[in-house]
Amino acid sequence: MVLVLQISTLLITVLTANALIFELPSGAHKRSTRHRDISRKVKRAPNLPSAWSYYGCITDGPQRTLNAMSFTSDSMTVESCVNFCDGHGYVYAGLEYSRECYCDNTLQNGATTTTDCNLLCSGDSSEVCGGGYKLSTYKSSNAVATPLSSYNGYVYKGCYTDSIESRSVPVGMGFTGSLTPQKCIDACAAQGYSYAGLEYAQECYCGNTNSGTLADETGCNMPCAGDGAHLCGGGNRLTLYQSGTFGRGDPSWSYVNCYTDSVGQRTLPTPLGIASMTIGKCEAACGAAGFLYAGVEYGGECWCGNTILGTATVAASGACNMACNGDATEICGGGNAINIYRSGSSGPSVVPSYGQWTSQGCYVDSVAQRSLPVAMAVSGGPAAMTVESCLDACGTNGYTYAGTEYGGECYCGSSIAAGKAEDGRCSMSCNGNPAEICGGPNGLSLYILTTSSTTQTTQSSTSSSTSTSQTSSASSTSQTSSTSSTSLTSSTSSTSQTSQSSQTTSTSTYTTPTGTSTSTSPSSTPTGASCPSKPACVRQYTSIAGDTCASIALAYGLQAADIQTANAGLNCNSIGASTSVCIPSSCTSVYVTQGSTTCDNVGTLVGVTAQVILASNPTINCNSIAQGATLRAKGLGVSSRTLHAGGRLPFPSFGHRYSFSFPGT
């Protein structure tokens, strides 16, 4: 009887034990002499924190599935691993190879589910701790840690690279205790630093520069040692914060946004060189130059304009992240990213008309192929440029086309060999009147003299007009004007030139009082004569460092002595930058006509085009040049040497940008 009772008691005990068995996934495995498997063991449910539960058996590899934090122990249990990950703010905990524990907030590197978790924990043989490259994984329902968005004037900038050999943010604060973002930011702010970076859950770094690069957010995956709800970097990764604001500077300017920019297509076209850059300095400089917009970029660049050009779009968050080199508490754009501000003023505007001149809009121009061929000096020089002064100068010299460019340049002609610019490049204020627009970089604000006999042919059409003039016999003649799809021409009277032009060529057809004729051979033979006295100046040139009389003369088809004669007291060997240099006429030969002739005939004889003859002698009637007329055979020659045009400032040369110079015009 006693034996029966003992057997019954033993059976009840075994059945009770079996009722408590907690089965975890298992599968085929190879026996290991080092690690015990579960084939003969009874498993029990681990004692987990309330938010945690078993997630599954997942694959691992050399590129870890969970790689934020880890530890190994010969006393490993499920509880010790889960409590470790939970205490550091992670939502995944994984056990592998009996004694390894891994934590993270995401599953990485293509992890998949499997059934091969079959090794017992080194610290508790009743629990399973993964397998070879197999993770017994547990997950928390708690929220994943995130970066602190902002605190105490510092804004989260992103996850940045770092290394022990070369710290991205250089000053280590030697923190002890439980680190939080707030503690690190307060420590950096107290020392006057603009950057605060947190790394590896418990390290704090400060500085006024950041040499790291923006990295994937998954690299900053360690919750802070003192605040599991927020991230504090990762291995060689900084959770970075920066002080500063986009809204400082002149209160009359308002912040627009951070925009994309590129060297090939500038968002704001005009650069200004400013030392120790701040937002306020850039705004003041652009405002003084008459611009509506000011933009700061790459910590030390200032750009101005009256429109936001090109294909610029609002940049990605964090793209404008560089401190101004003149004030580390302000943000001055980033690499190919520009912070743009708008003035409260209305900005410059187009002068629609002046006298008999009317605006035609903005036209393309280039140094290599001038849309209007004659560069014209105005009273007071480039610094005094206005629309009115340019139009007066061109009109006085007999031209019917006039254009202003780059704030201080004036060009004239009798036709234009270019098309309209539709990208808003004509947005620069006139140097002499900031309320007026005077073209822009390679953009010509074009005006045409509109009289009763002037016609305009636009880019997409060809037109003709007939003007009638009375003589003593009451006869009349008609004049025509034609153009290609990329040019404008005009005819003003029976004594004016009408030219048929394309963007790159000109013919020698002129309208005469008795009809239209084309001359192909000279009707008279010019004879040589001495060059008349040269005028004092035909233009002003603003020198750059390294210029000499010889180098300037070479660019304008002159001799060094010509430059010296026209500029008394000038040191020809060392002119220096920003010196206004008088450029005299480069007349090299003069001809006196022996009979009635045309520009075409004279040009054929001396080896130049009729347009060159007209440009050199702007007051003549190319269709009917009287006998005995004294003509300059050559006008201003420009070589291929690169010079800055008078009145222009050279582009600043930035370390990460191309630097530019403009050829002489």
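Taken together, the values in this text are just the output of simple stated rules run on the coordinates, not laboratory data. Every value quoted in this text rests on a predicted model; they were computed, and no experiment measured them. Note: ideal-geometry Cβ built from the backbone for every residue, glycine included; neighbour counts use all protein chains shown.
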Legend entry - Ranked packing of 147-160, 384-397, 103-116, 431-444, most packed first, by mean Cβ within 10 Å: 431-444, 384-397, 147-160, 103-116
Inset, instruction - For a footprinting-style exposure proxy, rank 78, 91, 350 by other Cβ within 10 Å, fewest first. - result: 350, 91, 78
Inset, instruction - Place the peptides 168-178, 58-68 in order of packing, highest mean first, counting for every residue the other Cβ atoms within 10 Å and averaging per peptide. - result: 58-68, 168-178
Legend entry - Burial ordering of 420, 134, fewest other beta-carbon atoms within 10 Å first: 420, 134
Inset, instruction - Indicate the gyration tensor shape class of the stretch 212-326 (rounded, prolate or oblate), computed on the Cα atoms with a ≥ b ≥ c the square roots of the eigenvalues: a/c under 1.5 is rounded; otherwise a/b larger than b/c is prolate and the rest oblate. - result: prolate
Legend entry - Ranked 144, 581, criterion: other C-beta atoms within 10 Å, fewest first: 144, 581
Legend entry - Cα centroid of the stretch 195-246 to Cα centroid of the stretch 170-191, whole Å: 11
Legend entry - Distance between the stretch 367-385 and the stretch 45-90 - C-alpha centres, whole angstrom: 76
Inset, instruction - Kindly provide the chymotrypsin sites (Phe, Trp or Tyr not before Pro) of the stretch 41-139 that DSSP labels as loop, not H, G, I, E or B, and whose Cβ sees at most 16 other Cβ atoms within 10 Å. - result: 133
Inset, instruction - Check each of the GluC sites (Glu not before Pro) in the stretch 95-182 and keep only those in coil by DSSP with at most 16 other C-beta atoms within 10 angstrom; list them in order. - result: 165
Inset, instruction - State whether the stretch 150-243 is rounded, prolate or oblate according to the following rule on the C-alpha gyration tensor (a ≥ b ≥ c being the square roots of its eigenvalues): a/c under 1.5 gives rounded; otherwise a/b larger than b/c gives prolate, and the remaining case gives oblate. - result: rounded
Legend entry - Only Lys, Arg (+1) and Asp, Glu (-1) charged, at Cβ; the stretch 125-277 dipole about Cα centre in debye: 140
Legend entry - Qualifying trypsin sites (Lys or Arg not before Pro) for the stretch 188-279 [loop in DSSP, other Cβ within 10 Å: at most 16]: none
Inset, instruction - Please name whichever of 190, 163, 218 sits farthest to the positive end of the charge dipole of the stretch 150-243, dipole taken about the Cα centre and charges placed at Cβ: Lys and Arg +1, Asp and Glu -1. - result: 190
Legend entry - Prolate/oblate/rounded call for the stretch 353-449, Cα gyration tensor, a/c under 1.5 rounded: rounded
Legend entry - Nearby aspartates and glutamates by direct alpha-carbon distance to residue 281 (threshold 16 angstrom, same-chain neighbours under 8 apart not counted): 250, 297, 301, 327, 330
Legend entry - Net lengthening on full extension, residue 191/residue 74 (0.36 nm per residue, minus Cα-Cα): 37.6 nm
Legend entry - Full-stretch length increase - residue 367, residue 144 - with 0.36 nm per residue and alpha-carbon distance subtracted: 74.4 nm
Inset, instruction - Can you tell me the FRET efficiency between residue 545 and residue 109 if r is taken as the Cβ-Cβ distance and R0 is 51 Å, rounded to the nearest 0.05? - result: 0.35
